1. Provide the FRET efficiency to the nearest 0.05 for the residue B:198-residue B:89 pair, computing r from the beta carbons and using R0 = 45 Å.
2. Averaged across orientations, what area in nm² does the convex hull of the alpha carbons in segment B:238-288 project?
3. Want the number for residue B:254 to residue B:266: 0.36 nm per residue separation, take away the alpha-carbon distance, what's left?
4. May I ask you to compute the full-extension gain from residue B:128 to residue B:289, defined as 0.36 nm times their residue separation minus their alpha-carbon distance, rounded to one decimal in nm?
5. Hey, got a sec? Which GluC sites (Glu not before Pro) in segment B:231-311 land in a DSSP loop and have at most 14 other Cβ atoms within 10 Å?
6. Please state the Cα pair-distance histogram of segment B:215-259 with 5 angstrom bins from zero: what percent is in each bin?
7. Quickly work out the residue B:52-to-residue B:40 label distance, labels modelled 7 Å from Cα along the C-beta direction, and quote it in nm with one decimal.
8. Starting from the Cα-Cα distance between residue B:117 and residue B:323, subtract it from 0.36 nm times their residue separation and give me the gain in nm to one decimal.
Amino acid sequence: MDRLTPDQKEVVSLRFFAGLSAKETAEVMHKGHGAVREMQRAALERLRGLLA
Amino acid sequence: MQRLRDCEGYLPEMAERHMKGFELILDECLDRIASGESIADVLASYPEQASSLEPLLRAAEVTLDAGRFEPSNAGMERARQKLAAARIARAAHTQSMVKPSIVDRLRRLRLPASTIATIAVLALTAVLLLRPAMETGEIPFQPPAEEPAVVDDTPGIDTPAEPHETDVPDVAEVTDETAGNPAEEVPETAPLLVPPDSDGSFVFYVSDQPNDIGDFEQLMVTVSRIELKPRDGGQWVEIVPEPMSIDLVQLQGTRATELWRGNLPEGEYDAVFLSIGTIQGTLASSGEEADVVLPSDRLHIQSPFTIAEGEDVDYVFDITVHRNGNGYLISPQATESGVGREIERIQLSEDPLGHPGPQPGKSGDAPGQQDSDPPLADKPGPGPGQTPRTRTIKRA
């Protein structure tokens, strides 16, 4: 998780660990839904590379 | 060459649009996996994107497993408080954008008392002067009479009509505010209203994830309507539970009470919307009524499930309450909702507001009794040639 950017870490924490929806995550982070989805995808791409 | 130049701007735009669609699909797949579906089932819905989706979903699954500890109440509380604080901040920002009224502006001027008195006297004088005129219909100060317009009656001369402005209707800017925001979705056509059936195979339960429910002696809610959204975008299904007050204090953890039972149209569903009718909470510490609010008109959970012939489905809608400033906020708990949840069936006693409890035959008659027998035990067995009904429990 340390290899992720701070925003990506927060998205992963809120979406996967705290169980918030993408909409709720966007509200907490004061970002748009599209931005949250983009960060989510980028975080997973990075995690995929780290886990490979 | 010109067509090639035209493509130069078109292709990146296409790629960007394609990526945004993929991210929407990925988001939906993640919600489905978090609610217990397997990666194979999820990928089957998107065969064209499966090769791109699968590695990301595998990474998500590993991440979810790593975090699949029982999160501490403190951790979840912090996340919910962040959400509540963000909503309060947004509400305050919206409030500050509202233009102050004339009275508010005058108050802010902090005029001296003598000025206020002078203004009041002038206003009173104007009213007294105009009052007789208002009663008699006379106007004390009449403007000079206008000269009558000269009408040209000369025959044969057509005076062209003066051009006048036509009302050009404003073309409203159409914005699809529901795009990418499933919580705001509404059915495009009238939903199918499904009546309850005491022998139905679909059972809707309500439960409560304890967060700050411990602050309450009693937290009564009524559910006015439940809407189920089909995955294929077809006709929504609407079910209306019998009027019944539910005390969330009695439904903590795996304890759940049956709210509705019936038979739904077969198919795949991916979202449930719960409309709360009334909320009434009493604090344990003081016995006073608590200020409990909802985040929106409907509680929404993006939660896929399937209705198939001959299969029983128990669906749990988990609600939670947590502190929100000086009050409390009720919200859905997605991680504890859906099918395949371990539940301890509870029949709530008749509520003091006079609403009857569940009808006999649904889940036991005695109030406060724990229903330990599964409903199938009370149902007649299959007839000759009929397939036995089996209960499918989908693992979370």
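1. 0.40
2. Projected area, direction-averaged: 5.3 nm².
3. Length gained between residue B:254 and residue B:266: 1.6 nm.
4. Here the segment from residue B:128 to residue B:289 would lengthen by 53.0 nm.
5. Those satisfying the criteria are B:266, B:288, B:309.
6. Going out from 0 Å in 5 Å bins, segment B:215-259 shows 5, 18, 20, 18, 15, 12, 8, 3, 1 percent.
7. In this crude spin-label approximation the distance works out to 2.5 nm.
8. Stretched fully, the residue B:117-residue B:323 segment lengthens by 69.5 nm.
Where a number appears in this text, it was derived from the coordinates with a stated rule and is not lab data. In this text, all values refer to a predicted model and were calculated from it rather than measured experimentally. Please note: Cβ atoms are built from the backbone with ideal geometry, for glycine as well, and neighbour counts cover all protein chains shown.
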